[in-house]
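A.B. asks: One structure, as structure tokens, below. Some questions next.
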Amino acid sequence: MKAIVNGMAAAFSIGVAASPLTAQQCDPTANTKGDIAKAQFSMTRAISASEKGNPQRDLQDALRLVENGNDNPTARNFLRGEAYIIYLMQPNTQAVVQRSALGLTNNPTATIDLYAAADSAFSLVEKASPECVPLIAQWRQQKPWLNALNGAINALNAGQLDSAEILAKRSLVLDRRAPYAYSVLGSIAAQRKNSAAAQEYWKQALAAAGTDTTYADVRTKTMYELASAASGRADAASGAAKRAAAREAIKSWQDYLTVASNDLMLADAIDNASRMYMDAGDSASVPTIYAPMLANPSKYGEVSLVHAGVVATRNGRFADAGKLFDAALQQNPYSRDAINNLAATYIQNNEFSKAFPLIDRLIALDPSNPDNPLLYAFAYQGLYKGTKDKKLQKIYTDSLVYFNAKSENAPVKVLVTEFTRRPEQTMLVGTIENKSATSKSYTLNVEFLDKSGTVIATETATVGPVAAKSKGTFKITSAKGGVFGYRYKPVT
């Protein structure tokens, strides 16, 4: 019997917000006088106006006042940097403008890159007054930086790699200390099949993230990307090179497994780590992947527990598999994958009395999938082999034949290929196979269940006409979240 689990994928996503401006032990414009004091006053008005009105005139005044003069260069540069950032925060502002648009009189027809100019001004302040680095960091991570970064992420998810690269690099002009843009650039390079560049960017992302808990999300995601790329290199190799690449990938997956918290990505990591151990010729170490899960299963999600159980099954560790599938079922009593795989494991372990109730539950949820009655057939076959009582052998043989025929002669087969659960939406995708000799249409009535088994949503899909010996597809989407499982009425 083959252990089965649905595959899943996730899009690039990073949670990030602009830094709020807070009080710091630094004031680059303290005790200013003359034009600088006037410029500071203009900047105060500009910052206030940026929230409610148009700060352009005050920004032009501030920049014009600090344009010339050599006194107090730190204050002048700080005010310039502030002005450039506030200017970039205004609607429809271009990154590169003519100097005259900023009220600058020196070389007015020349252009100025506001991102580069802000970085240059702030860098001079940071060099002159290192105690001001935290304050400057807040200005660097204001809306212009955030807009460029989010624009890069959105472009990447839309497959617009050139735009994503431009915007990611633009965000780096303002802030090279945050890891986000490096992670984006790594993903861009990976999609372009430039493995070396991707590796370098991801390493830069990890270095920038360090141990700061603020960056835990991007650090974890980047570790996943590095491990996934390492698996890709092993997949592309052969012979001794493949084994060496697999060993390298194992180390990356081990690192990721220690920090992974997303259930779907952890499940994928378990699959990949297992595959790399096999490619490295080290199947004996496969149980180390899921050992922490056996020790503390309540710490893990249902999907990763099921995947770990499948890995244990493929490795011939059926006792481990049973514990992992059972733990998944404790997390979600209506997980079809957990029920199906645990029943199969009990049959494999000759624990037939435990398997039958699970098969009953499976068929109650998934009544028109003829693969399910085969589990009864396998169980009765096992019971037959375990007894020499002729009467029992006859009963078990009849039961085996009955359920095998029930599976083989089923006129229809419903197969769910995707069950996606989100807090705000649920989606069920699959096929209905017409195994009869005539064309037919089908109605699929689905109930979505919460953890207690209560029906929290119902949906209906019509499929067909489906030609004889052919398949039709269905896709059911519900706006209801918080779903743990599904069941449907028998399809005829």
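The values are calculated or read from the model by the stated rules, or taken from the named source; none is laboratory data. Keep in mind that what you see is a predicted model, and the values were worked out from it rather than measured. Cβ coordinates were reconstructed from backbone atoms using ideal geometry, including for glycine residues, and neighbour counts include every protein chain displayed. Quick note on the areas: whole protein, heavy atoms, side chains included, nothing else; ligands and nucleic acids left out. Shrake-Rupley method; radii C 1.70, N 1.55, O 1.52, S 1.80 Å.
A.B. asks: If I model a spin label as a point 7 Å beyond the Cα along the Cα-Cβ vector, how far apart are those points for ALA468 and ALA196 in nm?
C.D. replies: Output for this residue pair reads 6.1 nm.
A.B. asks: Rounded to whole Å, give me the distance from the Cα center of the stretch 179-258 to that of the stretch 441-478.
C.D. replies: 39
A.B. asks: Here's a follow-up. Between ALA291 and GLN330, what's the calculated FRET efficiency when r is the beta-carbon distance and R0 is 30 Å? Round to 0.05. Could you put the intermediate results ahead of the total?
C.D. replies: Details: r = 19 Å, r/R0 = 0.62.
Between ALA291 and GLN330 the formula returns 0.95.
A.B. asks: Mind checking Rg over Rh on the stretch 164-242, alpha carbons, Kirkwood formula for Rh?
C.D. replies: Numbers: Rg = 13.4 Å, Rh = 13.0 Å.
Using only Cα positions, Rg/Rh for the stretch 164-242 is 1.04.
A.B. asks: Enumerate the aspartates and glutamates that LYS33 could reach by cross-link, defined here as Cα to Cα under 20 Å, with residues fewer than 8 away along the same chain left out.
C.D. replies: List returned: ASP58, ASP61, GLU67, ASP71, GLU82.
A.B. asks: Separate question: Beyond a 32 Å Cα-Cα separation, which of these cross-linked pairs lie in this structure: LYS143/LYS203; LYS221/LYS323; LYS406/LYS475; LYS203/LYS299; LYS127/LYS251?
C.D. replies: LYS127/LYS251
A.B. asks: Could you check the spin-label model distance between LYS127 and GLN94? Points 7 Å from the Cα along Cα→Cβ, value in nm.
C.D. replies: In this crude spin-label approximation the distance works out to 3.0 nm.
A.B. asks: Additional query: If you roll a 1.4 Å probe over the heavy atoms of the protein chains, what accessible area per residue do you get for the stretch 50-123, in Å²? Each step should come with its number before you reach the end.
C.D. replies: Numbers: 3500 Å² over 74 residues.
Value returned for the stretch 50-123: 47 Å² of accessible area per residue.
A.B. asks: Please report, in whole Å, how far the alpha carbons of the chain spread along each principal axis, starting with the longest.
C.D. replies: 109, 51, 39
A.B. asks: For the ranges 268-275, 32-39, what's the packing order if you count other beta-carbon atoms within 10 Å of each residue, average per peptide, and put the highest first?
C.D. replies: Values: 268-275: 24.0, 32-39: 17.1.
Taking the mean over residues of other Cβ atoms within 10 Å, the ranking is 268-275, 32-39.
A.B. asks: Among residues other than PRO134 whose Cβ falls under 14 Å from its Cβ, what is the net charge (Lys/Arg +1, Asp/Glu -1)? Write down the numbers at each step before the final one.
C.D. replies: Details: positive: ARG140, ARG177; negative: ASP27, GLU126, GLU131, ASP175, ASP212.
Neighbour charge sum, excluding PRO134 itself: -3.
A.B. asks: Read phi for every residue in the stretch 191-200 and hand back ³J(HN,Hα) as whole Hz from Karplus 6.51 cos²θ - 1.76 cosθ + 1.60, θ = phi - 60°, with x for Gly and Pro.
C.D. replies: My calculation for the stretch 191-200 gives 5, 8, 6, 9, 4, 5, 5, 4, 4, 5 Hz in order.
A.B. asks: Determine the sum of side-chain charges near LYS471: Lys and Arg each +1, Asp and Glu each -1, restricted to other residues whose C-beta is under 14 angstrom from that of LYS471. Each step should come with its number before you reach the end.
C.D. replies: Working: positive: LYS413, LYS435, LYS440, LYS469, LYS475; negative: GLU433.
Here the charged neighbours net out to +4.
A.B. asks: Please report, as a whole percent, how much of the solvent-accessible surface of the stretch 377-431 comes from carbon and sulfur atoms (probe radius 1.4 Å).
C.D. replies: Details: 1930 of 3430 Å².
About 56 percent, which is the carbon plus sulfur part of the accessible surface.
A.B. asks: Would you tally the net charge around ASP320, using a Cβ to Cβ cut-off of less than 13 Å, leaving ASP320 out, and scoring K and R as +1, D and E as -1? Numbers along the way, then the final one.
C.D. replies: Working: positive: ARG314, ARG317, LYS323; negative: ASP326.
Once positives and negatives cancel, what remains is +2.
A.B. asks: Something else now. Using a basic spin-label model with each label point 7 Å from the Cα along Cα→Cβ, how many nm lie between ALA207 and ALA30?
C.D. replies: Result: 3.4 nm between the two label points.
A.B. asks: Which one, VAL311, ASN372, LEU400, is farthest towards the positive end of the dipole of the stretch 285-433 when Lys and Arg carry +1 and Asp and Glu -1 on their Cβ?
C.D. replies: Highest projection toward the positive end goes to LEU400.
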